[in-house]
Each structure stands twice: as C-alpha cells, then as structure tokens.
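The numbers here are math on the coordinates, done by the rules we state, and not lab data. Since the model is a prediction, treat every value here as computed from it, not as a measurement. Every residue, glycine among them, receives a Cβ derived from its backbone with ideal geometry; neighbour counts consider all protein chains shown.
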C-alpha cells in the first residue's frame, strides 16, 4: 500500500484518504516500524476506504459540473428556504439565531458561530428536504451545545427523530454533491 508521510508536532498517528491517496500523519519522532505497525493494525479499514475513495474519484471524473449560473440559482433558492426552515425549527428547539449566510462551500454543509450566526451550503438545495431539515436542526442545536456531545445528539433527536437517516444519506451522497461545484470558482 503506497502512502505519503506527513510529520508534524502532533501527538498521535492518523490516516487520511484524500482523492484516492493515503496520507499518514505522524509525530516527528515516529519510527518507520511504528508506522508500518499502525498500517497493519488498520489494514482492513484502510483498504475498504481506499477502494471507496478511488471509486468516488472515478465517479466524480464523469460528472458534469454546475455552471456559475446554476450555483447562483441554488444560492438564491437557499436564501428563501433556509430562513424559513430555521424560523420553523428554532422555537421547537427553544433557541434563537443571528443572521443566515448562504455559500457554496467545498467541505461543509453548515456552521454556527459563537454569536449565533448560521451558515449553509447552497448545494444542499440538491438534497432531499429531510436532509436540509437535518442540517438546519444540527446548526440550531449548536445554539444549545457548541459540541457534538450526547446532549447535543439528544437535542437533535428530540427535534428531528429520524435525523440519522438523513445523516446517512448525506454520508453516502454528499461527496458527489460537493463534486458538482468543483472547478467552478
């Protein structure tokens, strides 16, 4: 298995697969033997995810990317949809929020600032409504818990009992949605 080693002042070994390539992140003094041992210990997981990553890269190669005009259209739709969904769910969760910003992001679906401002990715307009709601609820729940603790997920489940199903859809399909906007900036 080919891999690239990136050494830094980190404390632990980790593996990351990016665009079908394996990167090992290692503390500065980690030996090659320790890295090989780490790779062997996680071989099954690495092989599985390398195959998935390479399949995704092949699928992405055949995609027609969205034009800037199509992305602008999605953003315009998102500027209508997200405030409406946030206004619906915020009272159910018992929170308020600041302004809502819409972007076309490469890696995130949404975020919540410490000031309560919400950011959403316009590419979510290509996802099912339940997925959109799950991201809205996720960010609003951060108004109560700025982490991903058990309390945070309990709040999610209270507001949207089937959020796991939507989360699974996004895990399975999200990379392809993000790929639609690659190379359009």
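Taking the chain as the reference, fit the longest principal axis to its C-alpha atoms, fit the long axis of helix 129-141 to the helix C-alpha atoms, and give the angle between the two in degrees, 0 to 90, nearest 10.
Relative to the chain, helix 129-141 is tipped by roughly 90 degrees.
Just the C-alpha atoms of segment 4-61: what Rg/Rh do they give, with Rh taken as the Kirkwood radius?
Taking Rg over the Kirkwood Rh, I get 1.04.
Whole Å is fine, so just give me how far the alpha carbon centre of segment 126-185 lies from that of segment 1-65.
26 Å
Nearest 10 degrees, 0 to 90: what angle lies between the long axis of helix 163-179 and the longest principal axis of the chain (Cα atoms)?
70 degrees
Computed FRET efficiency, Cβ-Cβ of residue 39 and residue 77, R0 45 Å: what is it to the nearest 0.05?
0.50
Residue separation times 0.36 nm, minus the C-alpha to C-alpha distance between residue 47 and residue 148: what's the value?
33.6 nm
How far apart, in nm, are the 7 Å Cα→Cβ label points at residue 18 and residue 5?
It works out to 1.8 nm between the two label points.
Could I have the simple spin-label model distance between residue 101 and residue 171, label points 7 Å from Cα toward Cβ, reported in nm to one decimal?
Modelled inter-label distance: 2.9 nm.
Compute the acute angle (0 to 90°) between the alpha-carbon long axis of helix 150-159 and the principal axis of greatest extent of the alpha-carbon atoms of the chain; round to the nearest 10°.
With rounding to tens, the tilt is 40 degrees.
When only C-alpha pairs under 8 Å and at least 6 residues apart count, what is the relative contact order of segment 4-61, in percent?
Computed value for segment 4-61: 33 percent relative contact order.
Considering only the chain, what is the antiparallel percent among its DSSP beta bridges, to the nearest 5?
Of those bridges, close to 45 percent are antiparallel.
Can you give the FRET efficiency to the nearest 0.05 for residue 158 and residue 129, using r as the Cβ-Cβ distance and R₀ = 25 Å?
0.80
Mean separation of Cα pairs under 8 Å and 6+ residues apart, divided by the residue count of segment 75-182: what relative contact order is that in percent?
Reported relative contact order: 27 percent.
So what's the back-of-envelope 222 nm ellipticity for the chain, counting only DSSP H runs of four-plus at -39500 (n - 2.57) apiece and dividing by all residues, rounded to 500?
Per the formula, -17000 deg cm²/dmol.
Ranking request for peptides 52-62, 13-23: highest mean number of other beta-carbon atoms within 10 Å first, then the rest in descending order.
Order by mean packing, descending: 13-23, 52-62.
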